[in-house]
Structures are given as C-alpha cells and as structure tokens.
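K.L.:
What follows is a single structure, and I will ask about it in a moment.
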Amino acid sequence: MTQTHTVTSLQESPDSERRARMVKYAVAMGIRLICIAACFLVEGWWLLLPAFGAVFLPYFAVVTANSVAKKPRAGQLLRPGSLAPLQRS
C-alpha cells in the first residue's frame, strides 16, 4: 500500500517558521519596552510588576525564538522531494 502525501501534510517552510519566531521575539521585546516605560510611571509596590517584566521577558523571548519546530510524525516526509523508504506489502 503506497502512502500519499498532500500539500497540507507538509511542514512549514524554514523561512516562514523563522519569520514566525522573529515576530514572536519582536512582540515580546515590544512588551518589554512598555514595561520599561511603565517603570517610570508607576509608584509603590506596583513598580515590581513592570520591573519583573522588563527583567525576565528577554529570557523567555530568547527561549521562545530558539524553540525547535515540531518533529515530523513517523512516515512523514521532512521536505518535498526527500527520499521515503519503500514500503512492501
């Protein structure tokens, strides 16, 4: 029995995956800038919230940006045109 692959079963292209990770990183850094600005506007104990955001958001942004995409399922081609093992019935 031969296994057919459709376009919808292919993985995301490396360029679009990289772009998605860059957008996530840019959004996190934008939120960090807002946290830094809020540190100048907030007083008292509330100052801790934007301060923690400004300090810890870069770590989470880098971890998210460097996360690896999902691993392919068994039998799924890694990219179009790659070799697939011959399945004998």
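K.L.:
Which distance in nm do the two modelled labels at Val23 and Trp45 give, with both placed 7 Å along the Cα-to-Cβ direction?
P.N.:
About 3.9 nm, to one decimal.
K.L.:
Next question. With +1 on each Lys and Arg Cβ and -1 on each Asp and Glu Cβ, how big is the dipole of the range 14-65 about its Cα centre, in debye rounded to the nearest 20?
P.N.:
On the way: 5 positive and 3 negative charges, 38 e Å.
Computed about the Cα centre, the dipole is about 180 debye.
K.L.:
Moving on to the next point. Can you list, bin by bin at 10 Å, the percent of alpha carbon pairs in the range 14-65, starting at 0?
P.N.:
It works out to 28, 42, 21, 8, 1, in whole percents.
A short reminder: the numbers here are calculations on the coordinates, not readings from a lab. Please read all numbers here as calculations on a predicted model, not as lab measurements. Every residue, glycine as well, gets a Cβ built from its backbone with ideal geometry; the counts of neighbours run over all protein chains shown.
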